[in-house]
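Enquirer: Got a structure here, written out as structure tokens. Questions coming.
Values in this text are rule-based calculations from the coordinates and carry no lab data. Please read these numbers as outputs of a predicted model, since none were measured by experiment. Glycine gets a Cβ as well: all are built from the backbone with ideal geometry, and neighbour counts include every protein chain shown.
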Amino acid sequence: MKKVAVIMGSDSDLPVVKKCADKLYELGIEYEMHIMSAHRTPDAVSEFASRARENGFGVIIACAGMAAHLAGFIAAHTVLPVIGVPLKSKALDGLDALLATVQMPSGIPVATVAIDGAANAAVLAAEILALGDEALLEKLDKMRSDMAAAVRRKDAALGAEAQQ
Ligand code: RP5
């Protein structure tokens, strides 16, 4: 199976980005995590993104806050699917990063998840890789049915509580 790259703009992003890594691990997907910045280390980002395909990656997840150009900058260098995770910052609560990540020009898409939606970025990456991997598809199906079962259990518990 191809690997997933998880790139974040700063080490200060790690507490949120960790949720992405945890989900990829849970799904048994090989990944690499790096700190690289579209603004502070642009050469490193373009080098990594340009070589990502030949280096065995199938999807790139890019997480950044504030003027979040990381995902778009990566997408400019590769035709691999890029998933953007806009991160919350103090000044504008993540709206700055959301708009900077999602508003890509025609022809260079970034699939943007919710603000701080790091775990969903991992699930979406898994869904992309699962197109060519039956075992991963089954893991995703099971994850969905476990989720539904948990909701049903909570509903039953609530009903039981209401009757007391
Ligand atoms: C962005 O700027 C990073 O992704 C981070 O969310 C934000 C702030 O970075 P630091 O100043 O904390 O390194 O590029």
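Enquirer: What's the angle, to the nearest 10 degrees (0 to 90), between helix 42-51's Cα axis and the longest principal axis of the chain?
Expert: Approximately 70 degrees, to the nearest 10.
Enquirer: What residue among Gly56, Gly94, Ala67 has its Cα farthest toward the positive end of the dipole of the chain, where the charges are +1 on Lys, Arg and -1 on Asp, Glu, each on the Cβ?
Expert: The one lying farthest along the dipole's positive direction is Gly94.
Enquirer: For segment 72-137, rounded, prolate or oblate, judged on the Cα gyration tensor with a ≥ b ≥ c (square roots of eigenvalues), a/c < 1.5 rounded, else prolate if a/b > b/c?
Expert: oblate
Enquirer: If you don't mind, there's one more thing I want to ask. Between Asp155 and Glu32, what FRET efficiency comes out of the Förster formula 1/(1 + (r/R0)^6) with R0 = 35 Å and r the beta carbon distance, rounded to 0.05?
Expert: The value I calculate is 0.30.
Enquirer: Here's a follow-up. Can you show me the helix-derived [θ] at 222 nm for the chain, built from DSSP H runs with n ≥ 4 at -39,500 (n - 2.57) apiece and divided by the number of residues, rounded to the nearest 500.
Expert: So the helix-based figure for the chain works out to -15500 deg cm²/dmol.
Enquirer: Output wanted: per-residue J couplings in Hz (rounded whole) for segment 102-119, from phi through Karplus 6.51 cos²θ - 1.76 cosθ + 1.60, θ = phi - 60°, x for Gly and Pro.
Expert: Here the 3J(HN,Hα) series is 7, 8, 7, x, 3, x, 10, x, 10, 7, 9, 9, 5, 4, 6, x, 5, 5 Hz.
Enquirer: Taking square-rooted eigenvalues a ≥ b ≥ c of the alpha carbon gyration tensor, is the chain rounded, prolate or oblate, where a/c under 1.5 means rounded and, failing that, a/b exceeding b/c means prolate?
Expert: Because a/c hits 1.5 or more and a/b fails to exceed b/c, the chain counts as oblate.
Enquirer: Counting GluC sites (Glu not before Pro) as exposed when in a DSSP loop with at most 16 other beta carbons within 10 Å, what is the longest stretch of the chain free of them?
Expert: 55-164
Enquirer: Also: Enter the angle in degrees (range 0 to 90, nearest 10) between the Cα long axis of helix 134-163 and the first principal axis of the Cα atoms of the chain, meaning the one along which they spread out most.
Expert: 40
Enquirer: Counting only residues 5 or more places away or on other chains, whose amide H sits under 5 Å from the amide H of Tyr31 once H atoms are built in the peptide plane?
Expert: Val4
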